[in-house]
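First up is the structure itself, then whatever we jot down about it.
Computed from the coordinates by the stated procedures, all read-outs in this text should not be read as laboratory data. This structure is a prediction, so every number in the text was calculated from the model and none was measured. Cβ coordinates were reconstructed from backbone atoms using ideal geometry, including for glycine residues, and neighbour counts include every protein chain displayed.
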Amino acid sequence: MYSNKLVRKYKLSITCILFVIITINVSCRTTVLSTVTNIETEESKPNILFILTDDAGYHDYGFQGSKDFKTPQIDRLAASGIFCTNGYVSASVCGPSRAGILTGRYQQRFGFFMNPNDSQNLPKDETTIADALKENGYKTGIIGKWHMGFEENFHPNDRGFDYFYGFLSGNRSYFPLPKKMNKKRRYKDNLRHNDSILPEASMDFYTTDLFTDKAMEFMADSQKSKKPFFLYLSYNAIHGPLNALPEDIAVYKDLKDPVRRITGGMTASLDRSFGKLLDYLETNGLRENTLVVWVNDNGGQGKKMHTNNWPLKGFKGAETEGGIRVPFLLSMPNILPENKRYDLPVISLDLMPTFIKLAGGNPSANPKPLNGVNLMPYLKGENTNSPHEILFWQRNDAAVRKGDWKLIDYVTKNELHLYNLKKDIGEKINLIDKYPEIAKELKKELSKWQNQNAPRMK
C-alpha cells in the first residue's frame, strides 16, 4: 500500500501536469485565434479605389443636369453614394492639387504653389497616402498621370506605390507617341510600367481605356495576393489635348460646337470606364468592401476645352468657385447612404485621413500634422458639425472660406472681393463695401495662414 504522503504527492503531480496541459492548450488556442483574427482582419480590410479625373467641367454630367452630355455610368456611381455639393480641392491647377491630395496637407506648407518645373518634386520628407496605407498592409498602385516630379528617386515607386503604370508629365497624347519627338518630352510623356519605359510605337491604345484595363488587372492581382488594395486611378481625361475616339465623337455629332463634340467624346470614354470599373467590382464580389471615391483635380478648362462649370464663376486656375469646387463623390454600400447630398464644405485634404482611418490606422500618427479630417462620421450622420470651420487657397491670388462667407484677395489687381456663397454661388455680388468687418476678419485669418506657409518652390 502506498503511504498517504506518496498519494498526496502523486495527486499534486497530476494536478500540476493537468494545469500545464490546460495552460498550454489555452495558450495555443489563444495564439491560433489571435493569428486567425489577424488574418481575417487583414483580408477584410476595405479596398479603396480613388478616381481622379482631370479638368472636367462641373456641370458636364447627367447627375449635375447637363443637357449636352449623357453619363449613365457616372450617374450610377452618384446614385450609389454621397455627392458633396460643397466639395473642394486645395488648388485650382493640377500639380498643387495632387500634392495636397497625396499628403493630406496644404501644399503651400511645403512651397508647392505652382505646377512643377523640371527640378520641382514632391518633397521626400512628406508622407504620402501610399506610404501610410502600405504601412497598414495595403497593396498600393497608381495608374495614369503622376505630375509630382520628373527627377529620379521622385517617381511613384519611390513614394510608397508598389505599382505604377502611367506617365510623369501633366499632359500627353491619348494615343501612342510618334517615333520621332523631343527626347526630353518623351522622357516625361512616355508610358512606364514601374521604371521601365514602354515601346509605344508597337502599341495601340487610347489612354482612358488603357488605364481602365490596367486598373482591373491591378485589382485582380490584389485579390490573388489576399491583400487589400489602394488604387489611385489618375486619368488624364479630360485634360488637353483634344483627343477622342471617332466613335465617341459620333455620339455628339448633333452638337453645334466642334470642340464641344470632342470634349463630349472624351467624356463618353470616361463614362464607359466608370461602368467597367463598377461592373468589375460587382462581378468579383468586391463592391461591398470597396470605398469608391471620385474627385476632379480642379475646375474645368473653359477656354480650350469648352467645358461647362455652371453655376460657378470662372475656370481652372482661378480662386473663384469654378476653379476649386469640383465633383466630389464617395460610395460604399451598407456603410455610406445612397443617393444623398452632403452640403457642408469638404476638401480633398480630407481623403488621406479618411483612408488611413478606414484602413485601421491613426491619422494623428502622421509624422506631420494633417490638415484634413476623417469624413466618415460626418457623411454617416454621426457628427452633425461642419468638418471645417475655415478653408484656404492660394496660387497667385488667395481665398478663404468661413461658413457661407468667402473672401478673394486678388493680389495682382490689389482688390478684395467678398461673397456670400449661400445666397450667391455664382459670386456675382461683391459685398466688400457692405460688410467691411467680415472682410477684415477673413483677411486676418488668411494672413495668419499665409505666415505659416513655406516659401514658393523654384
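What the table below lists for this structure:
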| quantity | calculated |
| --- | --- |
| Packing-based ranking, highest mean first, of 114-127, 304-317, 341-354 given that Cβ atoms within 10 Å are counted | 341-354, 304-317, 114-127 |
| Peptide ranges 239-249, 196-206 listed from the most packed, as the mean C-beta count within 10 angstrom indicates | 239-249, 196-206 |
| Cβ-Cβ FRET estimate between Ser364 and Glu441, R0 fixed at 30 Å, reported to 0.05 | 0.55 |
| Long-range HN-HN contacts of Phe328 with modeled amide H, under 5 Å | Cys84 |
| Relative counts (whole %) of C-alpha pair distances in segment 393-450, using bins that are 10 Å wide | 25, 61, 14 |
| Computed label-point distance, nm, for sites Asp424 and Arg186 using a 7 Å Cα→Cβ extension | 5.4 nm |
| Highest average packing first - 58-67, 137-146, Cβ atoms within 10 Å | 137-146, 58-67 |
| Qualifying GluC sites (Glu not before Pro) for segment 316-414 [loop in DSSP, other Cβ within 10 Å: at most 16] | Glu338, Glu382, Glu389 |
| Label assignment, Cα Rg over 2.2 N^0.38 Å derived from the structure, set (1) 1.59; (2) 1.16; (3) 1.98 | (2) |
| Net +/- balance of residues flanking Leu391 in space, Cβ distance below 10 Å, scoring K and R +1, D and E -1 | +2 |
| Potential extension, Glu338-Asn194 segment - 0.36 nm per residue separation minus Cα distance | 48.2 nm |
| Helix 258-283 vs. the chain, principal-axis angle (Cα, 0 to 90°, nearest 10) | 10 degrees |
| Nearest 10 degrees, 0 to 90: helix 94-103 Cα axis against the chain principal axis | 20 degrees |
| Sequence-distant aspartates and glutamates (8 or more away, or on other chains) whose Cα lies within less than 16 Å of Lys124 | Glu151, Glu152, Asp158 |
| Net length gained if the chain between Asp209 and Asn414 were fully extended (0.36 nm per residue, minus Cα distance) | 69.3 nm |
| Cα-based reach from Lys45 at 26 Å (exclusive), listing lysines while leaving out same-chain residues under 8 positions away | Lys134, Lys139, Lys214, Lys224, Lys226, Lys227, Lys276, Lys340, Lys357, Lys368, Lys380 |
| Fewest-first ranking of Val293, Val259, Val251, using other Cβ atoms within 10 Å as the exposure measure | Val259, Val251, Val293 |
| Label point distance in nm, Asp257-Gln450, each placed 7 Å from Cα along Cα→Cβ | 3.4 nm |
| Estimated dipole of segment 393-450 in Debye, rounded to 20 [Cβ of Lys and Arg +1, of Asp and Glu -1, Cα centre] | 120 debye |
| Tilt relative to the chain, helix 207-225 - C-alpha long axis, 0 to 90 degrees, to 10 | 10 degrees |
| Over the chain: helical MRE at 222 nm, DSSP H runs n ≥ 4 each giving -39500 (n - 2.57), nearest 500 | -10500 deg cm²/dmol |
| Under-5 Å amide H pairs with Asp54, H placed in peptide plane, nonlocal only | Ala237, Ile238, His239, Asp297 |
| Where Rh is the Kirkwood radius over Cα pairs, Rg/Rh for segment 220-293 | 1.12 |
| Rounded if a/c under 1.5, otherwise prolate or oblate - segment 100-234, Cα gyration tensor axes | oblate |
| Relative frequency of Cα-Cα separations exceeding 19 Å in segment 71-178, percent | 53 percent |
